[in-house]
Amino acid sequence: MEHEIADPLGTGQGRVLITGAGGQLGTALAETFPEAEALSRKSFDVSAGTVDFLPSLVLHAAAWTDVDGAETEAQAAARVNVAGTRNVVALGAPVAYFSTDYVFDGRKSEPYVESDEPAPLSVYGRTKLDGEREVREGWIVRSSWLFGWTGHNFVRTMLRLGAEQDEVSVVDDQRGSPTYVGHLAAAMGDVLELPYGTYHVAAAGDCTWAEFAEAIFADSGLSCRVRRITTEELGRPAPRPANSVLRSERGAPELPPWREGLRQCLARL
């Protein structure tokens, strides 16, 4: 579904900028808002460049998303997620900044809401939280476990591994709400109607990564088995929150269930 936000704030200028248009979320935003100026990193590197026009709104999807890589390249991650956001804010337009469940430590037993205090465990999470703090006018949109029909994500990785192997090992002690980028992008029209502030916008329902993998194989017709393992067994460099489930207490749009997002994503692959 396409949305009109050519002049969202009644400025008369009407040029909407999408950053990170080459990524999975940026691709979905560009499809949802076809009138926007959608720029990939090649056209606009937020950590180093600028644009030759003054936008009336920025949908800021550009980000360093290599969670493990950030542990050894903290400065590079901060250049994109913090300094890059500062550069986007300096354009002078309201910013919709896309953030992450990784700003929380995952120790809460219930879903995280907007008033919960962030406590990131990883370098990536800290840089995304610092990026949030750069936004002066706009919306901070936290979501979780994004996946789509392009880019690097869990769904595409599982489809590849499931076609190559009889069994894959997947962690079963992290829980979140896998969010289809098409649903998140479609909800942004409603988010932009809300007052400036922080909002949690993630898929309804929740699951573990292992349960997500099993659903991917079931819905795609792959016979690959899932061996459930712990985060400790996986041994990744960056710590992850055990609970990444996000819910809104501030009237943010409710997205469809993650399983519906998965079906829509698979239909495009």
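The values are calculated or read from the model by the stated rules, or taken from the named source; none is laboratory data. In this text the structure is predicted, and so the values were computed from the model without any measurement. Heads up, the Cβs are rebuilt from the backbone with ideal geometry, glycines too, and the neighbour counts pull from every protein chain shown. Heavy atoms of the whole protein, side chains included, go into the accessibility calculation; ligands, DNA and RNA do not. Shrake-Rupley method; radii C 1.70, N 1.55, O 1.52, S 1.80 Å.
Would you confirm, using the coordinates I've provided, whether ALA38 is assigned to a strand (DSSP E or B) and open to solvent by 20 Å² or more (accessible area, probe 1.4 Å)?
Values: assigned to a strand (DSSP E or B): yes; open to solvent by 20 Å² or more (accessible area, probe 1.4 Å): yes.
Here the answer is yes, as ALA38 does meet what is asked.
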Note: among LEU159, LEU192, LEU222, just one is within 19 Å of the chain's Cα centre (by Cα) and aliphatic (A, V, I, L, M), namely LEU192
Filter segment 84-128 for residues that are within 16 Å of VAL141 (Cα to Cα), surrounded by 21 or more Cβ atoms within 10 Å (Cβ to Cβ) and small (Gly, Ala, Ser); the one that is nearest to the chain's Cα centre (by Cα) is SER99
In segment 48-83, anything open to solvent by less than 30 Å² (accessible area, probe 1.4 Å), farther than 22 Å from ARG136 by Cα and in contact (Cβ under 8 Å) with a residue 60 or more places away in the chain is listed as VAL67, ASP68, ALA70
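Here's the yes/no breakdown for (1) more than 14 Å from GLN264 (Cβ to Cβ); (2) touching a helix residue (DSSP H, G or I) at 6+ places or on another chain (Cβ under 8 Å):
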position: VAL135; (1), (2): yes, yes
position: TRP139; (1), (2): yes, yes
position: ARG142; (1), (2): yes, yes
position: GLY148; (1), (2): no, yes
position: ARG156; (1), (2): yes, no
position: ALA163; (1), (2): yes, no
position: ARG175; (1), (2): yes, no
position: GLY182; (1), (2): no, yes
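Looking only at residues in segment 143-159 that are among the aliphatic types (A, V, I, L, M) and touching a Ser or Thr at 6+ places or on another chain (Cβ under 8 Å), which one is least open to solvent (accessible area, probe 1.4 Å)? I'd like the intermediate steps shown before the answer.
Pass one, segment 143-159, residues among the aliphatic types (A, V, I, L, M): 146, 155, 158-159.
From what is left, the residues that are touching a Ser or Thr at 6+ places or on another chain (Cβ under 8 Å) are 146, 159.
Working: LEU146: 57, LEU159: 40 Å².
If we take residues in segment 143-159 being among the aliphatic types (A, V, I, L, M) and touching a Ser or Thr at 6+ places or on another chain (Cβ under 8 Å), then LEU159 is least open to solvent (accessible area, probe 1.4 Å).
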Which residues, taken from segment 217-269, are in a loop (DSSP other than H, G, I, E, B), of a type in the set (Gly, Ala, Ser) and in contact with a helix residue (DSSP H, G or I) (Cβ under 6 Å, 6 or more places away or on another chain)? ALA238, SER244
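Here is a list: THR179, THR231. Which entry is polar (S, T, N, Q), open to solvent by less than 10 Å² (accessible area, probe 1.4 Å) and either over 30 Å from GLY138 (Cα atoms) or in contact (Cβ under 8 Å) with a residue 12 or more places away in the chain (or both)? If you could, list the steps in order and put the result at the bottom.
Numbers: THR231 fails: open to solvent by less than 10 Å² (accessible area, probe 1.4 Å).
After ruling out the rest, the residue left standing is THR179.
This table checks each residue for (1) buried (at least 19 other Cβ atoms within 10 Å of the Cβ); (2) touching a Pro at 6+ places or on another chain (Cβ under 8 Å).
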{"site": "ASP166", "(1), (2)": "no, no"}
{"site": "HIS183", "(1), (2)": "yes, yes"}
{"site": "ALA187", "(1), (2)": "yes, yes"}
{"site": "THR208", "(1), (2)": "no, no"}
{"site": "LEU222", "(1), (2)": "no, no"}
{"site": "ALA238", "(1), (2)": "no, no"}
{"site": "ARG247", "(1), (2)": "no, yes"}
